[in-house]
1. Looking at 132, 120, which is the one that is at pLDDT below 90 and more than 30 Å from residue 202 (Cβ to Cβ)?
2. Taking residue 140 as the residue in question, decide whether it is within 23 Å of the chain's Cα centre (by Cα) and at pLDDT below 80.
3. Residues that are over 10 Å from residue 150 (Cβ atoms) and modelled with pLDDT of 90 or more: list the strands (runs of 3 or more DSSP E) wholly contained in the range 169-233 that include at least 3 such residues.
4. Looking only at residues that are closer than 24 Å to residue 84 by Cα and without any contact (Cβ under 8 Å) to a residue 24 or more places away in the chain in the range 168-206, which one is surrounded by the fewest Cβ atoms within 10 Å (Cβ to Cβ)?
5. It is to be established whether one or more residues within the range 78-88 are at pLDDT below 90 and outside any helix (DSSP H, G or I).
6. Give all pairs with beta carbons closer than 6 Å in which a residue from the range 128-153 that is at positive phi and in the same structural domain as residue 192 (by TED's automatic domain parsing) meets a residue that is surrounded by fewer than 16 Cβ atoms within 10 Å (Cβ to Cβ) and modelled with pLDDT under 85; count only pairs at least 6 apart in sequence or on separate chains.
7. Restricting attention to helices (runs of 4 or more DSSP H) lying wholly within the range 1-72, give those where 1 or more residues are modelled with pLDDT under 80 and in the same structural domain as residue 100 (by TED's automatic domain parsing).
């Protein structure tokens, strides 16, 4: 059942980009056509050169926005919540391009079409990305043992990114002694105060606690002796 998904995620980076860009082109064009069809209330939509020009401009703007926002550099299965926000931003800019191009070219684009298009494009462009991320976390993360990261500084942030994109460990949370960082989200991982360590280890059963920096080595090791601590390189 997951063979198409496996094919996509196992492809090399160049092929992933080709697949992703090809899908986005189809998704944008289909979203544009469907949004106009919904507005006109019919399956057949008469399109002229002006309408095609507006659609082409919208497509190019969308691809440019996705490229600028790094959507084709990020591997889909490692995509984080901030990247999903970039999708919404790109869709808004895309819908704006549709509205502006329709106005200046004088193409037959009813005023409500950009709004309809924005809703449909959010589903067609964002939906598959969210689905792939969910499938990855549901299917593949079971093969990687859970680990906790100790330290929410810059090194801890880089460590979280590396572990998420790696194949060895699955980071589940970040621990830090600084209470001001409690509740922060780093690459989709919540930062917890060190006082919650016992609760987190009981909840996630981590194989290791990876210390991001020597300065984060816990002073009170007596409560942590049952866990394996590893200093990140």
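1. Result: 132 is the single residue among 132, 120 that is at pLDDT below 90 and more than 30 Å from residue 202 (Cβ to Cβ).
2. Taking the combined requirement at face value, the residue satisfies it.
3. 189-193
4. Kept after step one, since they are closer than 24 Å to residue 84 by Cα, are these residues of the range 168-206: 169-174, 181-192.
Okay, now just the ones that are also without any contact (Cβ under 8 Å) to a residue 24 or more places away in the chain, so 182-183, 190, 192.
Details: 182: 17, 183: 10, 190: 14, 192: 20.
Here the residue is 183.
5. yes
6. Every condition considered, the pairs that remain are 151/213.
7. Because the criterion is at least 1 residues that are modelled with pLDDT under 80 and in the same structural domain as residue 100 (by TED's automatic domain parsing), the helices (runs of 4 or more DSSP H) in the range 1-72 that meet it are 3-10, 13-40.
The values are calculated or read from the model by the stated rules, or taken from the named source; none is laboratory data. Keep in mind that this is a model prediction, so the values were computed, not measured. Cβ: placed from backbone, ideal geometry, glycine included. Neighbour counts: every protein chain shown.
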